[in-house]
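Remarks on the structure that follows.
The values are calculated or read from the model by the stated rules, or taken from the named source; none is laboratory data. On a predicted model such as this, the values are computed, not experimentally measured, just so you know. Here the Cβ positions follow ideal geometry from the backbone for every residue, glycine too, while neighbour counts run over all protein chains shown.
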2 protein chains.
Amino acid sequence: MPKNCNFIEKLREVGLRPTKQRVEMCEVLYNREKTFHFTINDLVKLLSEKMNQKISLATVYNTVHAFEKKGYLKEISIDSHKSYFDTNTSAHHHFFDEDTHELIDCDESDIDKINIRKKITGKKINSVEVLVRVASDNQTQK
Amino acid sequence: MPKNCNFIEKLREVGLRPTKQRVEMCEVLYNREKTFHFTINDLVKLLSEKMNQKISLATVYNTVHAFEKKGYLKEISIDSHKSYFDTNTSAHHHFFDEDTHELIDCDESDIDKINIRKKITGKKINSVEVLVRVASDNQTQK
DNA sequence: TCAACAGTTTAGAATTATTATAATGTAGTT
DNA sequence: AACTACATTATAATAATTCTAAACTGTTGA
Ligand SMILES: [Mn+2]
Ligand SMILES: [Mn+2]
Ligand SMILES: [Zn+2]
Ligand SMILES: [Zn+2]
């Protein structure tokens with residue numbers, strides 16, 4: 001994660017116009033140390049803080065979906081009531097903290113390879129993902 | 001799954017009034033061979049077919065959530081755009097057919113026990129669930 | 001048996017998240 | 001600078017879910 005990636009070039013490469021809104025979104029999404037997990041609301045908040053002018057909600061939705069289509073973002077299902085997105089687009093497992101509603105990525109070494117015995121005829125496996133729900137262990141809490 | 005379980009008694013046991021709507025819902029949900037996975041829409045459709053009078057949408061939502069709170073139903077997250085519910089309330093894994101949007105339960109023997117190496121300090125694991133997304137293997141199809 | 005009460009259902013309004021629309025603005029090209 | 005295709009915007013529309021308050025019903029105990 002270099003400090004100042006050339007997002008303009010990156011956007012051009014996949015055929016998206018490097019408009020200021022898209023470059024701004026790239027900065028917010030990818031100019032960080034770790035994977036970023038967010039809801040549209042999180043993102044809107046961060047963008048409004050960062051930018052001088054306001055950004056339209058429709059643009060945030062459109063751009064997130066454009067990024068998703070181009071493989072820059074992945075949608076994650078942990079809560080049927082909210083859409084979460086992930087800047088880590090590879091197949092990977094998650095911990096979900098039920099206290100803070102935060103997602104945490106697992107890497108290869110965190111969970112042993114999943115062995116699936118069941119076959120469904122005529123169907124191929126597209127992905128295998130594990131969700132580990134965690135919560136505070138503290139008795140006094142909650 | 002007996003043919004005509006005494007749902008009235010079952011409802012009383014957990015402190016729910018055995019109103020005709022709830023008994024009717026029990027029949028639709030639990031009077032079947034296999035686990036039932038459904039969306040609110042699926043359920044409304046089935047109930048309207050089965051019942052002579054119409055049932056209010058609010059009642060379906062209220063009753064599903066009452067059942068959920070009592071541990072009769074479990075909400076499943078596979079698609080952030082829709083709520084799925086499951087009559088199998090135990091911890092279990094799923095296959096999700098991306099062609100038909102159907103959920104299929106796994107049993108113990110289908111997936112080897114998941115070994116989690118990562119520990120998060122101060123947090124305990126509440127559940128570990130695997131989602132296997134499958135789709136048609138047929139080249140000609142889609 | 002039946003009135004009284006608490007809990008339940010209901011239709012419709014309200015809220016929330018998301019998508020569609022159509023006018024205006026802008027990046028890239030000449 | 002001007003042209004054009006694509007993007008952004010405000011706003012309207014849609015869809016899922018929840019709220020509200022009035023009408024209704026299962027239960028209880030007189
Ligand atoms: Mn989506
Ligand atoms: Mn829910
Ligand atoms: Zn992730
Ligand atoms: Zn299930």
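Taking the condition at pLDDT 95 or above, closer than 23 Å to A:Lys82 by Cβ and charged (D, E, K, R), does B:Asp79 pass? Lay out the reasoning, then the answer.
Values: at pLDDT 95 or above: no; closer than 23 Å to A:Lys82 by Cβ: yes; charged (D, E, K, R): yes.
It is false that B:Asp79 is at pLDDT 95 or above, closer than 23 Å to A:Lys82 by Cβ and charged (D, E, K, R).
I need the full set of residues from segment A:28-49 which are more than 24 Å from B:Lys82 (Cβ to Cβ) and either at pLDDT 95 or above or of a type outside the set (Asp, Glu) (or both), in order please.
Step one: of segment A:28-49, the residues more than 24 Å from B:Lys82 (Cβ to Cβ) are A:28-36, A:45-49.
Those that are more than 24 Å from B:Lys82 (Cβ to Cβ) and either at pLDDT 95 or above or of a type outside the set (Asp, Glu) (or both): A:Val28, A:Leu29, A:Tyr30, A:Asn31, A:Arg32, A:Lys34, A:Thr35, A:Phe36, A:Lys45, A:Leu46, A:Leu47, A:Ser48.
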Checking B:Asn88, B:Asn52, B:Asn62 in turn, the sole residue that is over 18 Å from B:Glu33 (Cβ atoms) and either at pLDDT 95 or above or part of a strand (DSSP E or B) (or both) turns out to be B:Asn62
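So, A:Val44, is that one more than 20 Å from A:Glu129 (Cβ to Cβ), within 13 Å of DNA strand D (Cβ to nearest atom), within 14 Å of another protein chain (Cβ to nearest Cβ) and surrounded by 17 or more Cβ atoms within 10 Å (Cβ to Cβ) or not? Step through it out loud before you land on a result.
Details: more than 20 Å from A:Glu129 (Cβ to Cβ): yes; within 13 Å of DNA strand D (Cβ to nearest atom): yes; within 14 Å of another protein chain (Cβ to nearest Cβ): no; surrounded by 17 or more Cβ atoms within 10 Å (Cβ to Cβ): yes.
No, not satisfied.
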Counted residues, segment B:80-138 - those being facing chain A (nearest Cβ under 9 Å), hydroxyl-bearing (Ser, Thr, Tyr) and more than 17 Å from A:Leu131 (Cβ to Cβ): 3
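Taking the condition touching a Pro at 6+ places or on another chain (Cβ under 7 Å) and either modelled with pLDDT of 95 or more or in a helix (DSSP H, G or I) (or both), does B:Arg22 pass? Break it down into steps so the answer makes sense when it comes.
Working: touching a Pro at 6+ places or on another chain (Cβ under 7 Å): no; either modelled with pLDDT of 95 or more or in a helix (DSSP H, G or I) (or both): yes.
Against the criterion (touching a Pro at 6+ places or on another chain (Cβ under 7 Å) and either modelled with pLDDT of 95 or more or in a helix (DSSP H, G or I) (or both)), B:Arg22 does not qualify.
When the residues of segment B:65-80 are narrowed to those that are within 15 Å of DNA strand D (Cβ to nearest atom) and not in a helix (DSSP H, G or I), which ends up surrounded by the fewest Cβ atoms within 10 Å (Cβ to Cβ)? Quick ask: steps written out before the conclusion?
Start the filter on segment B:65-80 by keeping residues that are within 15 Å of DNA strand D (Cβ to nearest atom), which leaves B:65-69, B:73-80.
Pick out the ones that are also not in a helix (DSSP H, G or I) and you get B:73-80.
Values: B:Leu73: 23, B:Lys74: 17, B:Glu75: 14, B:Ile76: 21, B:Ser77: 20, B:Ile78: 18, B:Asp79: 16, B:Ser80: 18.
Restricting to residues being within 15 Å of DNA strand D (Cβ to nearest atom) and not in a helix (DSSP H, G or I), the top hit is B:Glu75.
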Cβ-Cβ distance below 6 Å, separation of 6 or more or different chains: which pairs start in segment A:103-115 with a residue that is closer than 17 Å to B:Lys113 by Cα and end on one that is outside any strand (DSSP E or B)? A:Asp110/B:Arg117; A:Asp110/B:Lys118; A:Ile111/A:His93; A:Asp112/B:Asn115; A:Asn115/B:Asp112
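Determine whether segment A:81-104 contains at least one residue that is basic (Lys, Arg), loosely packed, with under 12 Cβ neighbours inside 10 Å and within 16 Å of DNA strand C (Cβ to nearest atom).
The first filter runs over segment A:81-104 and keeps only residues basic (Lys, Arg), leaving A:82.
Now narrow it down to the ones that are loosely packed, with under 12 Cβ neighbours inside 10 Å: none.
No: zero hits.
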Which listed residue is surrounded by 13 or more Cβ atoms within 10 Å (Cβ to Cβ) and acidic (Asp, Glu), from A:Glu33, A:Glu24, A:Glu49, A:Glu9: A:Glu24
